[in-house]
1. Pairs needed: first member in segment 103-120, at positive phi; second member anywhere, surrounded by 20 or more Cβ atoms within 10 Å (Cβ to Cβ); C-beta distance under 7 Å; at least 6 residues apart or different chains.
2. Would you mind stating whether Tyr14 is in contact (Cβ under 8 Å) with a residue 60 or more places away in the chain and in a strand (DSSP E or B)?
3. Residues being surrounded by fewer than 19 Cβ atoms within 10 Å (Cβ to Cβ) and either within 16 Å of ligand 1 (Cβ to nearest atom) or assigned to a loop (DSSP other than H, G, I, E, B) (or both): count how many of those fall in segment 246-263.
4. So if I check each of Leu231, Leu155, which one is more than 20 Å from Leu17 (Cβ to Cβ), surrounded by 19 or more Cβ atoms within 10 Å (Cβ to Cβ) and modelled with pLDDT of 95 or more?
5. Going by the conditions given, is Ile243 in contact with a Leu (Cβ under 8 Å, 6 or more places away or on another chain) and either surrounded by fewer than 19 Cβ atoms within 10 Å (Cβ to Cβ) or farther than 25 Å from Ala168 by Cα (or both)?
6. Can you name the number of the only condition in (1) within 9 Å of ligand 1 (Cβ to nearest atom); (2) at pLDDT 95 or above; (3) not hydroxyl-bearing (Ser, Thr, Tyr) that Gly167 fails?
7. Kindly provide the set of residues from segment 4-19 that are surrounded by fewer than 14 Cβ atoms within 10 Å (Cβ to Cβ) and not small (Gly, Ala, Ser), ordered by number.
Amino acid sequence: MAKGKIYQSLSGFYDVLSDDDDQIYRTRARGNFRKRGLTPIVGDEVEFEDGYILQMLPRTNSLVRPPIANIDQAIVATAVKEPDFSSNLLDRQLLALEVAGIEPVIYFTKTDLLSEDELAQFKTIAAGYRQVGYEVVLPASAFSTDSLTAIKALLAGKENVIMGQTGAGKSTLLNHITPQLELETGEISAALHRGKHTTRKVALLKVGDGLVADTPGFSSYDPIELDARELGQYFPEFKRASIHCRFRGCVHVNEPDCEVKREVETGEIMQFRYDNYLQIYTEIKNRKPNYKTK
Ligand SMILES: Nc1nc2c(ncn2[C@@H]2O[C@H](COP(=O)(O)OP(=O)(O)OP(=O)(O)O)[C@@H](O)[C@H]2O)c(=O)[nH]1
Ligand SMILES: [Zn+2]
């Protein structure tokens, strides 16, 4: 029996990189995994033999969207235009990463499409997210040497995933970092109007000195299973502020003397982060209980 890591998953097959000989083996999952509700995903450490995965080892972390396990860092590719910037989609992905315990990096794509005034606005947004505590790359021009050097340094020595909206430019960015990859990229108009996804599978790739999983994009992002009362814990700046809210367990909606709301008023917390928080809070509150059927 050999041990290895799933590098790619497609149509029920799993390509496993063996720890023993550094070769890729095509495998399938045994039927009994499905019976136990287990699905191997890219990044999983597995034991395999004769073309079958026999055992999945415990995960350090995992994401449902995109499906990936055992990741150090997630690059959230966020277009400033085409498709239009959505702080809501960004904050939903950041939330999922906070809950999963995966370090986010915000990477703004397509900055070449911005006027100088618009670029100045994004500098303010980038500064705001840095203030929250996130690493942010805002290339002054797309694929500038500086921005590629910065992202390479961030990826090095880590297992990364790149995620984000369809057409955000995930595969294009990876191609710029490592041209030998020659990943297929899509026409944005086709992607937006017909919901066409260029990347259809999750696959780990050697990029610079690190590993990066390229993933299919999405157009919306539902909040994960979470107790609405805990939501504020996953907005780092809210969590810091909440120590000074009058009520323990303040959810920063209707309570008096709420420090989060005070900091939104003074501009210390970005208004759109609070708006996104309220929207997600309401969505979780109104969600019907999810009775799992097996
Ligand atoms: N102007 C401009 N266009 C870009 C940039 N990055 C990517 N594009 C274009 O955006 C379109 C989509 O790029 P992809 O790299 O396929 O996007 P993706 O995020 O991998 O898309 P999915 O695989 O569908 O999720 C392509 O036409 C790219 O040429 C950029 O920095 N500037
Ligand atoms: Zn509060």
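The values are calculated or read from the model by the stated rules, or taken from the named source; none is laboratory data. In this text the structure is predicted, and so the values were computed from the model without any measurement. Quick reminder, even Gly has a Cβ in these numbers, built from the backbone with ideal geometry, and neighbours come from all protein chains shown.
1. Cβ pairs passing all conditions: Lys110/Ala79; Lys110/Val80; Lys110/Gly169.
2. Numbers: in contact (Cβ under 8 Å) with a residue 60 or more places away in the chain: no; in a strand (DSSP E or B): yes.
No.
3. 9
4. Numbers: Leu155 fails: more than 20 Å from Leu17 (Cβ to Cβ).
Exactly one of Leu231, Leu155 is more than 20 Å from Leu17 (Cβ to Cβ), surrounded by 19 or more Cβ atoms within 10 Å (Cβ to Cβ) and modelled with pLDDT of 95 or more, namely Leu231.
5. For Ile243, the condition - in contact with a Leu (Cβ under 8 Å, 6 or more places away or on another chain) and either surrounded by fewer than 19 Cβ atoms within 10 Å (Cβ to Cβ) or farther than 25 Å from Ala168 by Cα (or both) - is not met.
6. It is condition (2) that Gly167 fails.
7. Initially, segment 4-19 is screened for residues surrounded by fewer than 14 Cβ atoms within 10 Å (Cβ to Cβ), giving 10-13, 19.
Matches in segment 4-19: Leu10, Phe13, Asp19.
Each row is one residue, and each column tells you yes or no for (1) closer than 23 Å to Gln279 by Cβ; (2) at pLDDT below 95; (3) within 17 Å of the chain's Cα centre (by Cα).
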{"residue": "Ser9", "(1), (2), (3)": "no, yes, no"}
{"residue": "Asp22", "(1), (2), (3)": "no, yes, no"}
{"residue": "Arg34", "(1), (2), (3)": "no, yes, no"}
{"residue": "Val42", "(1), (2), (3)": "no, no, yes"}
{"residue": "Arg65", "(1), (2), (3)": "yes, yes, yes"}
{"residue": "Asn70", "(1), (2), (3)": "no, no, yes"}
{"residue": "Ala74", "(1), (2), (3)": "yes, no, yes"}
{"residue": "Leu90", "(1), (2), (3)": "yes, no, yes"}
{"residue": "Leu97", "(1), (2), (3)": "yes, no, yes"}
